[in-house]
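The values are calculated or read from the model by the stated rules, or taken from the named source; none is laboratory data. Since the model is a prediction, treat every value here as computed from it, not as a measurement. A quick note on method: Cβ atoms are made from the backbone with ideal geometry, for glycine too, and the neighbour counts reach across all protein chains shown.
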Amino acid sequence: MTERRTRVRFAPSPTGPLHIGGVRTALYNYLFAKQQGGDFLLRIEDTDQGRFVPGAEDYIVQSLKWIGIEANEGIGFGDGPHAPYRQSERKPMYRQYAEQLLAEDLAYYAFDTPEELEQMRERLKASNVEAKYDAITRTTMKNSLTLPADETKRLIEGGFPYVIRIKLPRKEEVRFHDEIRGWVLVNTSQMDDKVLMKGDGMPTYHLANVVDDYLMQITHVIRGEEWLPSAPLHVLLYRYFGWEEVMPKFAHLPLLLKPEGSGKLSKRDGDKLGFPVFPLQWTDPASGEVSSGYRESGYYPEAVVNILALLGWHPSGNKEVFTMEELIAEFSIEKIAKSGAKFDLQKARWFNQHYLREMDNVALAKSAKPFMSGMECTNEYLAAVCGLAKEKITFINELPSYVPYFFTQEIKSYDDEVKKKRWKAFMPLFCVEMAASLHSLSDWTSTAIEASFNATLEKQNLQSKDVLQAFRWAISGVGGGPPVFEMAALLGKERVMSRLETAAEFEAVVFT
Ligand code: GLU
């Protein structure tokens, strides 16, 4: 067989917001496709119409775009040769495959009502047998294997509700190689005759997924571990259809685990520990409940890519910071871990901080803009504030609360604790003198301000250590922040003077 072009797909179901684990699956697919010079497809698996959530599909597309994933084909990225990419729109294509299996006695019609299925479950439960519709139980149920042919025909023509089920061998070993886990062996006696198609012609996930992967010439199925139990059935379907030659390679990714304890990372963990589990903010269309997103929490997409890339994949060296390009170059399925990857909040914050510090001030200011509502300032000014604050913040949305005094004329709130500790009896006079010294400054630079400060100290016979923190407090209202003279330079002469005048009126705290 000639070498096939690498084609992978991300195939989410639009049942709600895309979990960050889903974004990781998409990312790994994307990295692999790009590295191999192949294609990445986005297919929407919406055959389960009962679970369809409005807005989820668009959310998926926007999430991928936000973190920098561009699909070669698929929903939201432009049609390719295999359109449509939404399974509900492909509905007519699936019937012939179900019929092929029916004709070859590899599938059968089943007419059992929900009540009959329930009775079967109850019956088996009572005798301590796992309730499955399988090679044994199917002989006791209402299906085309137990009913006479003319009765089956009559039921179908009479519009009696039915499903088409796969006919599994009773005891046969299904073996396939998973690129991450190695050989996987499952006996069909552990499996059940899954429904492939419902009476209305809508395929189930299993049939649609396998047929589409075949038709779309997918070479590698890289997906979450939760789909591992479905893989043997998919492997059998490839065999039943006679497509074994072109069966994709499977790689089931380890779970994303909660930061502490065990189990899958859930929205509840995120809420409890204060981090998002969704890439973008999501408003539930039914309840109106809002869930936070990485984007709205101030994470940069580059940081999220980096965080996700290392949650389950281990590069060879010690390097931790990777651009998308570097990830594409280095990624390999062999280096994906078998065991679950624990979400590390500190590390996630560290990555974001790293990217924040690396950004130039103009880009930083641009990313700050969405968080600056109600605070008027020029882009240049904002860039300068970012430059001063970036060493001290982890997320850009912290900017307005970290340095609020840069965005108001007057100081809106003073930290009383600092005042209590630092505002000594000599401070009001110091402020008056300092204001007078600054008044005559023609050159408003941090160096000139510092010189004024030192001259005032000398005049009053004070030490820098006794005054510096109080001076900072007088012009900012808080006790910490960027280098104080640079801060004063950026605040501007008028604001610093007026704040010093205000502070000169503050009485020192008198301890009794
Ligand atoms: N539709 C499945 C999902 O929602 C896709 C699983 C697969 O990739 O085969 O995740």
- line: Flagged in the range 401-459 as part of a loop (DSSP other than H, G, I, E, B) and aliphatic (A, V, I, L, M), in numbering order, are 403, 411, 425, 441
query: Among 471, 430, which is the only one that is at pLDDT 95 or above and within 49 Å of the chain's Cα centre (by Cα)?
result: 471
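Based on what the data block shows, is residue 70 of a type in the set (D, E, K, R) and within 14 Å of the ligand (Cβ to nearest atom)? So that I can check it myself, show each step before the final result.
Values: of a type in the set (D, E, K, R): yes; within 14 Å of the ligand (Cβ to nearest atom): no.
Against the criterion (of a type in the set (D, E, K, R) and within 14 Å of the ligand (Cβ to nearest atom)), residue 70 does not qualify.
Take residue 131 and tell me if it is among the small types (Gly, Ala, Ser), at pLDDT 95 or above, in a loop (DSSP other than H, G, I, E, B) and away from the ligand (no atom under 16 Å from the Cβ).
Working: among the small types (Gly, Ala, Ser): yes; at pLDDT 95 or above: no; in a loop (DSSP other than H, G, I, E, B): yes; away from the ligand (no atom under 16 Å from the Cβ): yes.
For residue 131, the condition - among the small types (Gly, Ala, Ser), at pLDDT 95 or above, in a loop (DSSP other than H, G, I, E, B) and away from the ligand (no atom under 16 Å from the Cβ) - is not met.
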- request: Could you check how many residues of the range 297-330 are in a loop (DSSP other than H, G, I, E, B) and in contact (Cβ under 8 Å) with a residue 40 or more places away in the chain?
  value: 6
- prompt: Got at least one residue in the range 34-45 being of a type in the set (Asp, Glu), touching a strand residue (DSSP E or B) at 6+ places or on another chain (Cβ under 8 Å) and more than 14 Å from the ligand (Cβ to nearest atom)?
  reply: yes
statement: Looking across the range 368-416 at residues that are of a type in the set (Phe, Trp, Tyr) and over 31 Å from the mean Cα position of the chain (by Cα), the single one that is surrounded by the fewest Cβ atoms within 10 Å (Cβ to Cβ) is 381
field: Among (1) more than 17 Å from the chain's Cα centre (by Cα); (2) in a helix (DSSP H, G or I); (3) more than 13 Å from the ligand (Cβ to nearest atom), the one test that residue 65 misses
entry: (1)
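Can you give me the ranges of the strands (runs of 3 or more DSSP E) entirely in the range 183-257 with at least 1 residues that are within 10 Å of the ligand (Cβ to nearest atom) and crowded, with 19+ Cβ neighbours inside 10 Å?
On the way: elements: 195-198, 220-224, 249-253.
Strands (runs of 3 or more DSSP E) meeting the threshold: 220-224, 249-253.
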Number of the exception - residue 325 against (1) in contact with a Cys (Cβ under 9 Å, 6 or more places away or on another chain); (2) loosely packed, with under 13 Cβ neighbours inside 10 Å; (3) not basic (Lys, Arg): (1)
query: Can you find a residue in the range 184-205 that is under 30 Å from residue 336 (Cα atoms), out of contact with any strand residue (DSSP E or B) (no Cβ under 6 Å at 6 or more places or on another chain) and in contact (Cβ under 8 Å) with a residue 60 or more places away in the chain?
result: yes
Test for residue 255: is it among the aliphatic types (A, V, I, L, M), more than 15 Å from residue 12 (Cα to Cα) and at pLDDT below 95: yes
